[in-house]
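The values are calculated or read from the model by the stated rules, or taken from the named source; none is laboratory data. Small disclaimer: the values here were computed from a predicted structure and weren't measured. When we count neighbours, we look across all protein chains shown, and the Cβ atoms used for this are built from the backbone with ideal geometry, even at glycine. What goes into the accessible areas is simple: the full protein's heavy atoms, side chains included, and nothing from ligands, DNA or RNA. Shrake-Rupley method; radii C 1.70, N 1.55, O 1.52, S 1.80 Å.
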Amino acid sequence: MTTRKFSLLLWLSIFVASCAIGQTTDKRDAILWEITGNGLSSPSYLLGTCHVVPYTYTDSIPGYKEAYASVGQVVIEHDISAGAEIFATADMQAMLLMPSDTTYAMLFTPEELTELNNVLQGYGMPQAEQLALRPAFLEMSLAMVQEAMRLQGQAPMDMDVINHGRADGKKAVFLETLDDAKQVLKYLFAKDLNMQAQSLLRTLRQLRDGVNPALEIIQNYKAQELEAILQDENFTAQDRDVTVDRRNAKWLEQISALIADTPTLIAVGAGHLCGEKGLVQGLRARGYKLRPLSL
């Protein structure tokens, strides 16, 4: 697999972790917020992104062009261009592969295994036993491959926030290291294999029926239904704590320091913005004023 594909898959994997498949809630939340108050001399901005939507979508977000032009630095979750480094490590390679004492035949009935292999064949992929990948990693790959193709060679939104920022002389900053990102993936791949298998089975049946879970994420994002992308029966309270809430808590401390002296655009997965432990409420609790721009 090429470095670019590795890097893209890293982003897509973590996006699935923090923005699980949801349903409509009829509650809209802005994806672009202005941050003022608490001693700031100039506004900063918080952008909720979708990692399988190209940067060109920002043209349709009210207030984005003006916000971007006014800042001196841009911030995203972590360095997507170095994503291949995560999968190249021995410990991560081990987490991607099925444990030696477990096979797909142990996790699925014969009928389910046939069902899975038929879907894999349709994608031009080897049978599950030959792949020997953990169900969670295989599920992410199946769910996201079609939506990655929708980018049609364009960089994901977050990546081009950094690319454009650097090209325009803005400082580029990352909220977490590659090791931080790796820990999120390791948590996902270490989950109970039977639970992984059932989640994979549900996803492949949706794909077989022409329903792509990744497309639901994109639809909810564009409708600014942010809570919807965090609602799913397979996305537990512990999942949200590990993949969203704990990361938010760490990021809030960094964001306060980053925006203190320099107008800043912070671009992170949209699922990180909403809820009581989301970045919007977290910044408000620290004394900042947040005004929605995109609704």
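Over all projection directions, the Cα-based convex hull of region 33-115 averages an area of 10.7 nm². Put simply, the amide H of L32, placed in the peptide plane, has neighbours under 5 Å in G48, L293, S294, leaving out anything fewer than 5 places away on its chain.
Can you give the FRET efficiency for Q154 and M125, using 1/(1 + (r/R0)^6), R0 = 35 Å, r = Cβ-Cβ distance, to the nearest 0.05? Result of the calculation: an efficiency of 0.90. Annotation: per residue accessible area for region 56-199 equals 46 Å², rounded to a whole number [probe 1.4 Å, protein chains only]. If R0 is 51 Å, the Cβ-Cβ spacing of S81 and T114 corresponds to a FRET efficiency of close to 0.80. Using θ = phi - 60° in the Karplus curve 6.51 cos²θ - 1.76 cosθ + 1.60, the 3J(HN,Hα) couplings for region 183-199 round to 5, 5, 5, 4, 4, 5, 6, 8, 5, 3, 5, 5, 5, 4, 5, 5, 5 Hz; x is entered for Gly and Pro.
Assuming R0 = 25 Å, what is the FRET efficiency of D59 and R28, from their Cβ-Cβ distance, to the nearest 0.05? E(calc), rounded to 0.05, equals 0.80.
Summary of packing: across the peptides 273-282, 111-120, the per-residue average of other C-beta atoms within 10 Å ranks them, highest first, as 273-282, 111-120.
For region 119-133, backbone phi angles converted through the Karplus equation (6.51, -1.76, 1.60; θ = phi - 60°) give residue-by-residue couplings of 5, 4, 4, x, 8, x, 10, x, 5, 4, 5, 6, 5, 6, 9 Hz, Gly and Pro being listed as x. Label separation (A69 vs E253): 3.7 nm, computed from points 7 Å beyond Cα along the C-beta direction. Surface composition of region 35-180: carbon and sulfur make up 53 percent of the accessible area, probe 1.4 Å. Peptides 41-49, 190-198 ordered by packing proxy, namely the average of other Cβ atoms within 10 Å per residue, highest first: 41-49, 190-198. Peptide packing: for 169-180, 70-81, the average count of neighbouring Cβ atoms within 10 Å per residue gives the ranking 70-81, 169-180, highest mean first. In this view, the solvent-accessible surface of E129, computed with a 1.4 Å probe and all protein chains in place, comes to about 80 Å².
Could you give log10 I(q)/I(0) at q = 0.20 Å⁻¹ for region 85-213, computed by the Debye formula over C-alpha point scatterers of equal weight, without solvent? Taken in order of the listed q values, log10 I(q)/I(0) reads -1.21.
Site pair A88 and T236 shows an inter-label distance of 3.4 nm when each label is modelled 7 Å from Cα along Cα→Cβ.
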